[in-house]
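What follows is a short report on a single structure.
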Amino acid sequence: MSSNAESEQPAQSATPAPEPPNPAWQRVQLARHPKRPHTLDYIQRMFTGFSEIAGDRAFGEDAAIVGGMAYFRGRPVMVVGQQKGRDTKQKLLRNFGMPKPEGYRKALRLMRLAAKFGRPIITMLDTPGAYPGIDAEERGQAEAIALNLREMSRLGVPIIVIVIGEGGSGGALALGVGNRVLILQNAVYSVISPESCAAIIYRDAGKAAQAAAALKITAPDLLGLGLVDEIVNEPGEGAHTDYDEAAQWLGDAIAKALDELSALAPKDLIDHRYDKFRKMGNFFVEATA
Amino acid sequence: MAWFTRKKPPTEAGGEGERHVRTEGLWLKCESCSQIVWRKTLEENLQVCPQCGFHFRIDAAARLQQLFDGGQFEIHEPGMASTDPLNFVDAKPYKERLAAMVKQGLRDAVISASGPLDGRPVNICALELKFIGGSMGTVMGEKITRAVERSIERRHPLIIVSASGGARMQEGAVSLMQLVKISQALMRLDEAQVPYISVLTDPTTGGVTASFAMLGDLNIAEPGALIGFAGPRVIEQTIRQKLPEGFQRSEFLLKHGFLDAVVKRPDLKSYISASLKFFCD
């Protein structure tokens, strides 16, 4: 998803000098680290009795989103998240973590099921973006995402969202309407990938590092903009260095959020979520025209 | 020197994504069928080619003129402008881009207005493609959300006419969250049982399609409009093959079940009016 930017800059010729590393770009590298724990790695460590639910009951099953019934520290919850693959076979199966409409529709089905039976929802965001392909467009990628945004706002149970890796634009956001939005220390959340942004504004995808900094996509940036509630620390050099510790710390943060939200009645949960997003992005002035 | 050498490049200064009606002459050439059309005829036909039916792009102000009775309407939040939350700089600072648009009389990419449509009070938000590609940032998010709230409060139907490349990159994830802000307001509109008609025009892509444009009680489009989530170039780069003819056009979406109707511009007002009558009276 991107805006139309004008093209005043001439195309860059010659090979550009390598960019000096910047913190935002380092975070992008960590968020995409091949060994970074994915949704199922956390599910395995944080939940017991995970029972996967497949399919959207309309078109098919999309392995780029996983979800199901589980127990979080003894409490029944519905867990849903985007799933990337690690080896080539897994990556193809998971479509590199890029969901198609049936994935989003499955996710919505699971979340509605959770709301029906009063079970809290925990979602994990980790995708480069919604799949940009012919079949995804034919089956209404945009409609599927839009519907999730509207319908998630109607659910009367606690929703806790965690950005665990790449929060890739609308494709991530479609699972992102929560009462609490947590983000791992080295995760990113962006309106457009740094590469695509660089291709548009600098006419050079190689300037992704620069774009990453300009887009303010790191956890501290997002906290400063009021778009996330809390940063969850990662062990060592990043979550990939110690899965168990990463899952432990994340679990503690989820438990705290869940405790706080469990006191609220369904209607209050809906209003709480509404007010939270209603206030996002108050970056405007009203001049007298 | 040859007689017919072009001195200027064939496209207009607006560049890619801009298709203006040339207004300098009395006659103009339809960019679809290449027939010569008298400008006045085109105007009378609401900027639709009388020969081939091609829909020229029109701006937000013209759209509101066409839909409200006698072009009478009240504009809301006309002075609302972005404060540049990221302090974003690309080829030039985002603040300068915004300032340049103010000189053209535009403060953001949407006009929000109230007025009568066939005598019925309605709220209409029309997106302005000329303003940074009709992109959605914090101002559009706020103005449309307020329009939705106004519709709930007054129980006046809402119409949003989209024309946009999606979320505004220059406002980063702040733009992204506007998708939620508007979509959840539409949830409340839905619960209040006040009608919302989404009109998709050329082009409607990205975060606008993936939020309010696809959430109407009716989702209708003008003929031949480009409508999608990912832009065609992005898809071509991903799958590395040419896209089929007519892909992501209104008729394609109609065929795949994602539009309720394709409505020609001269019929748009009467279509909306009849639908609102069905829902409300």
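Only the coordinates and a few stated rules stand behind these numbers; no lab work does. In this text the structure is predicted, and so the values were computed from the model without any measurement. Quick reminder, even Gly has a Cβ in these numbers, built from the backbone with ideal geometry, and neighbours come from all protein chains shown.
Averaged over the residues of A:209-215, the number of partner chain Cβ atoms lying within 10 Å of the residue Cβ comes to 3.
With only Lys, Arg, Asp and Glu charged, each at its Cβ (+1 for the first two, -1 for the last two), find how big the charge dipole of chain B is about the Cα centre; round to the nearest 20 debye.
It comes to approximately 700 debye.
As a rough footprinting exposure proxy, the listed residues A:SER193, B:SER162, A:SER262 were ranked by other beta carbons within 10 Å of their own, and the order from fewest upward is A:SER262, A:SER193, B:SER162.
For the range A:181-289, the fraction of C-alpha pairs farther apart than 17 angstrom is 68 percent. Cross-link partners among aspartates and glutamates for A:LYS256, C-alpha distance below 16 Å, same-chain residues fewer than 8 apart left out? Answer for A:LYS256, where 16 Å is the Cα cut-off: A:ASP229, A:GLU230, listed by chain and number. Computed 3J(HN,Hα) for the range B:74-83, one whole-Hz value per residue from the Karplus formula 6.51 cos²θ - 1.76 cosθ + 1.60 where θ = phi - 60°, is 9, 8, 9, 6, x, x, 6, 9, 6, 9, glycine and proline marked x. The amide H of B:ILE227, built 1.01 Å from its N in the peptide plane, has B:THR204, B:ARG249, B:SER250 as neighbours under 5 Å, considering only residues 5 or more places off or on other chains. The phi-based Karplus calculation (6.51 cos²θ - 1.76 cosθ + 1.60; θ = phi - 60°) puts the 3J(HN,Hα) values of the range B:252-261 at 5, 5, 4, 5, 8, x, 10, 10, 7, 6 Hz, whole numbers, x for Gly and Pro.
I want to make sure I understand the PRE zone here: with the label point 7 angstrom from the Cα of A:THR241 toward its beta carbon, which residues in the range A:176-193 have backbone N atoms less than 16 Å away? Counting only backbone N, you get A:185-187.
Cβ crowding within 10 Å, taken as a proxy for footprinting-reagent exposure, orders B:VAL262, A:VAL228, A:VAL80 from fewest neighbours to most as B:VAL262, A:VAL228, A:VAL80. Taking 4.7 Å between beta carbons as the limit, the unpaired Cys residues of the protein assembly as shown are A:CYS197, B:CYS125, B:CYS280. Partner shielding of A:272-279 amounts to 4, given as the average count of beta-carbon atoms from other chains within 10 Å of each residue beta-carbon.
Give me, ordered by chain and number, the residues 5 or more places off A:PHE284 or on other chains with an amide H under 5 Å from its own placed amide H. Correct list: B:THR83. With a cut-off of 11 Å, note down the residues of the range B:73-95 whose backbone N falls inside the zone around a label point 7 Å from the Cα of A:ALA287 toward its beta carbon. Correct set: B:79-82.
The packing ranking, built from the mean of other Cβ atoms within 10 Å per residue, places the peptides A:214-226, B:244-256 in the order A:214-226, B:244-256, highest first. A Gaussian network model of chain B, with springs between Cα atoms under 10 Å, assigns the largest mean-square fluctuation among B:GLY134, B:GLY70, B:GLY105 to B:GLY105.
Annotation: for a label point projected 7 angstrom from Cα along Cα→Cβ of B:LEU243, residues of the range B:202-219 with backbone N closer than 16 Å are B:202-210.
Averaging the sequence gap over all C-alpha pairs within less than 8 Å and six or more residues apart, then dividing by the number of residues, gives chain A a relative contact order of 19 percent.
Could you tell me the ratio Rg/Rh of chain A? Both radii from Cα atoms, Rh via Kirkwood.
Expressed as Rg/Rh, it is 0.97.
If the chain linking B:ARG150 and B:CYS280 were pulled fully straight, counting 0.36 nm for each residue of separation and taking away their Cα-Cα distance, it would gain 45.1 nm. If you wrap the Cα atoms of the range B:120-168 in a convex hull and average its projected area over all directions, you get 3.3 nm². Every Cα-Cα pair in the range A:66-153 was counted, and those over 23 Å apart are 26% of them.
About the centre of its Cα atoms, the range A:36-273 shows a dipole size close to 620 debye [charges on the beta carbon of Lys, Arg (+1) and Asp, Glu (-1) only; nearest 20 debye]. Calculation over all alpha carbon pairs of the protein assembly as shown in 10 angstrom steps from 0 returns a P(r) of 4, 18, 29, 26, 15, 6, 2, 0, 0 percent. In this structure, B:GLN51 and B:THR83 have a Cβ-Cβ separation that, at R0 = 35 Å, corresponds to a calculated FRET efficiency of about 0.15.
Whole number please: convex hull volume per residue of the Cα set in chain B, in Å³?
It is 164 Å³ per residue.
Taking other C-beta atoms within 10 Å as the exposure proxy, B:PHE68, B:PHE131 rank B:PHE68, B:PHE131 from fewest upward. Listed by chain and number, the lysines whose C-alpha is less than 21 Å from the C-alpha of A:LYS89, apart from same-chain residues fewer than 8 away, are A:LYS35, A:LYS100. Taking the Cα centre of the protein assembly as shown as reference, the dipole from Cβ charges on Lys and Arg (+1) and Asp and Glu (-1) amounts to some 500 debye. Potential lengthening of the chain between B:ALA100 and B:ASP69 amounts to 8.0 nm, from the contour at 0.36 nm per residue minus the alpha-carbon distance. The residue among B:LEU86, B:MET187, B:LEU117 whose Cα reaches farthest toward the positive pole of the charge dipole of chain B, with charges on the beta-carbon of Lys, Arg, Asp and Glu, is B:LEU86. In order along the range B:221-226, the phi-based Karplus estimate (6.51 cos²θ - 1.76 cosθ + 1.60, θ = phi - 60°) of 3J(HN,Hα) comes to 9, 6, x, x, 6, 7 Hz; Gly and Pro are listed as x. Calculate the length of the line joining the C-alpha centroid of the range B:241-281 to that of the range B:135-198, in whole Å. Rounded to whole Å, the Cα centres lie 20 Å apart.
Of all aspartates and glutamates in the structure, those lying under 14 Å Cα to Cα from A:LYS207, and not within fewer than 8 positions of it along the same chain, are A:GLU19, A:GLU195, B:ASP90.
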